[in-house]
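Heads up: the structure comes next, in C-alpha cells.
The values are calculated or read from the model by the stated rules, or taken from the named source; none is laboratory data. Computed from a prediction, not measured in an experiment: that's the story for all the values here. Every residue, glycine among them, receives a Cβ derived from its backbone with ideal geometry; neighbour counts consider all protein chains shown.
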Amino acid sequence: MYNNTTKATRFSIAENDFYFKQFLVKMLLENPLFSIVNDCNNGNELINRLYRKQEDVFIINLFMPILSGIEAIKYIRQTNKEVPILTYSATFQEDIAATINDIPNTYYCQKNSIIIKDILRNCILSQNSNYEDYKREWASQEEVVKNYMDRQKKEQEDLSVTEIHIIKLCYEGFSNKEIADRINLSSRTIDTYITRLTDKLGLKSKLDLARFCVENGYYNSSI
C-alpha cells in the first residue's frame, strides 16, 4: 500500500487513446500534489523510460498497440515489485483478473475516470477503502456491467445528431450560451437538451457529459 503525505506523488501514464489520456492528465493535475513524469502512448514507450525510476504510481491501459499493458506490467515487475500499478479495461476480464491477481501491488479496475480516481485516492494513496471489496463487487457485476453497457449502447444509438453535437461542444468546454450560439438554438433549449441527455445516459452533470464524450469516442465524430 502506497502512502505518502510529505511530498508530491509522481505518475507515469501509458494510454494510447490521446483524448482519454488528456482527460486523465487533467484529472491528476487538479491535485497540486500530483505530477506526471511520463506520458506514454503505449507499453513500449513506457518500458523504455523505466531506467529513470521517477514514478510513485503507474497508470496503464491494459490493451494498447505495440506492447500491451499486461506485458508492460510484467516487465516492470521484473525489477520493481513495490511501485503501485493501476490498470484498467472497459469491462471485467476474468482471465486478466486472474493474471493480475498474481502480480504484486497491482490494481485492476474499470476504464472509467471516476472509478480510477476513487481507486487512486481510496485504495492506493490512502487506506480509506478496501480494494478487495471493490474487486469482488466488480467481478460479481460482470453480467450486470455487460447488461448496463448493452443498454447504454442502445441509448447511444438513439442519440440524435444534435445531441451528439451538444455532447462534443460540452467536451470542448463551451458554455450553454456559446453552444446555443453555435447551433442556432436558445440557451433555454440547450439547458433542456443537457438535462435530458444526462437523464437519458444516467449521468449527473454537464461535466459527466464531457467524460462520456471522451470515454465513448464521440470526439472522433465527424459531426
Check your understanding: Tell me, which residue of the range 59-79 that is in a loop (DSSP other than H, G, I, E, B) and out of contact with any Asp or Glu (no Cβ under 9 Å at 6 or more places or on another chain) is modelled with the lowest pLDDT?
Key -> Pro65
Exercise for review: Report yes if some residue within the range 39-50 is closer than 28 Å to Ser129 by Cα, of a type outside the set (A, V, I, L, M) and modelled with pLDDT of 90 or more; otherwise report no.
Suggested key: yes
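Listed here are the residues, each with its yes/no results for (1) part of a helix (DSSP H, G or I); (2) under 16 Å from the mean Cα position of the chain (by Cα); (3) at pLDDT 80 or above.
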position: Leu86; (1), (2), (3): no, yes, yes
position: Tyr108; (1), (2), (3): no, yes, yes
position: Asp118; (1), (2), (3): yes, yes, yes
position: Arg121; (1), (2), (3): yes, yes, yes
position: Asp133; (1), (2), (3): yes, no, yes
position: Glu143; (1), (2), (3): yes, no, no
position: Lys146; (1), (2), (3): yes, no, no
Review point. What do you reckon, is Ile85 among the hydrophobic types (A, V, I, L, M, F, W, C), crowded, with 19+ Cβ neighbours inside 10 Å, in contact (Cβ under 8 Å) with a residue 60 or more places away in the chain and closer than 25 Å to Phe34 by Cα?
Key: no
Exercise for review: For the range 96-109, state whether one or more residues are under 18 Å from Met27 (Cα atoms) and either touching a residue at least 12 places away in the same chain (Cβ under 8 Å) or surrounded by 14 or more Cβ atoms within 10 Å (Cβ to Cβ) (or both).
Suggested key: yes
Revision key, fill the gap. Per the filter on the range 40-92, residues of a type in the set (Lys, Arg) and either in contact with a Lys or Arg (Cβ under 9 Å, 6 or more places away or on another chain) or at negative phi (or both) are Arg49, Arg52, Lys74, Arg77, Lys81
Check your understanding: Quick one: how many residues across the range 10-28 are of a type in the set (D, E, K, R), surrounded by fewer than 17 Cβ atoms within 10 Å (Cβ to Cβ) and part of a helix (DSSP H, G or I)?
Key -> 1
Practice item. Taking Leu203 as meeting all but one of (1) out of contact with any Leu (no Cβ under 9 Å at 6 or more places or on another chain); (2) assigned to a loop (DSSP other than H, G, I, E, B); (3) not β-branched (Val, Ile, Thr), write down the number of the exception. Key: (1)
Exercise for review: Sort through Asp191, Asp208, Asp199, Asp181 and tell me the only one that's acidic (Asp, Glu), modelled with pLDDT of 85 or more, at negative phi and under 20 Å from the mean Cα position of the chain (by Cα).
Suggested key: Asp208
